[in-house]
Amino acid sequence: MYENELRALLMGAGADLVGFSCVRDELPEELKIYPYAITIVRKLAKAVTDTIQGAPTMIYFQHYRMTNTKLDLLALDAISFIEKQGYLALPIAASQSTPDEKEEYKGVFPHKTGAVKSGLGFIGKSGVLITEECGSFVRLATVLTDMPLEPSGEVHYSKCGTCTLCRDACPAHAITGEEYIPGHARKEIFDAKKCSEHMKTYKHIGRGAVCGICMSVCPYNKRI
């Protein structure tokens, strides 16, 4: 019953999309006490993403970092609302990475899992979220909570079809070109280690923290 209030609060404060989902089955045991997810989406500015012409730019890095900060602030707004209703909320930062002996480049909780389960979009061959409203140039944050929330949509499956533009453009050869199937391991479509190692070659751009080439060629961005 809180979904409309949360959506109005977050979109009024600057979110472009907001989704709700139950992610209990996707959470590690210690987080199952927060079975519901709020996915917050911000679209990156087109004038900024247009600067990516075969390589990231400092303008893109600065906007990327600023967008992450905005998302984290939006998560704080959600937490304040949730706690005032007597529930608990755990923020998952827009930019997250935790050491894991079993899998490198893994976050506390994958934002895209909540986004897909809330019906906001699908995971493309590049491994990024693609939405009808904002294309693939989006950044995400998540709030996990014990506040009961109704899922906002149904799962959307890949709509990439035979397109391989992101695979062909990836300088790290990190994209296999296979379509993502919910439940499959990320490595089936995307090699996070190759991607991360290539980003480090752009040390003059935010110390090698961004790339964005695969997103820059995605045809879904041209539809918005």
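Miscellaneous remarks
- Within region 1-17, tally of residues that are part of a loop (DSSP other than H, G, I, E, B) and aliphatic (A, V, I, L, M): 3
- Of everything in region 172-217 that is more than 16 Å from Thr51 (Cβ to Cβ), touching a strand residue (DSSP E or B) at 6+ places or on another chain (Cβ under 7 Å) and of a type outside the set (Val, Ile, Thr), the residue that is surrounded by the fewest Cβ atoms within 10 Å (Cβ to Cβ) is Tyr180.
- The residues of region 65-109 that are among the polar types (S, T, N, Q) and either at pLDDT 95 or above or in a loop (DSSP other than H, G, I, E, B) (or both), listed by number, are Thr67, Asn68, Thr69, Ser80, Gln85, Ser95, Gln96, Ser97.
- Residue list for region 18-53, filter: buried (at least 22 other Cβ atoms within 10 Å of the Cβ), of a type in the set (A, V, I, L, M) and not in a loop (DSSP other than H, G, I, E, B): Ala37, Ile38, Ile40, Val41
- Positions within region 152-171 being among the small types (Gly, Ala, Ser) and either loosely packed, with under 13 Cβ neighbours inside 10 Å or assigned to a helix (DSSP H, G or I) (or both), in sequence order: Gly161, Ala169
- When restricted to residues that are touching a helix residue (DSSP H, G or I) at 6+ places or on another chain (Cβ under 7 Å), over 24 Å from Val116 (Cβ atoms) and at pLDDT 90 or above, region 173-210 contains 2.
The values are calculated or read from the model by the stated rules, or taken from the named source; none is laboratory data. What you see is a predicted model, and the numbers here were worked out from it, not measured in a lab. We place every Cβ from the backbone using ideal geometry, glycine too, and count neighbours over all the protein chains shown.
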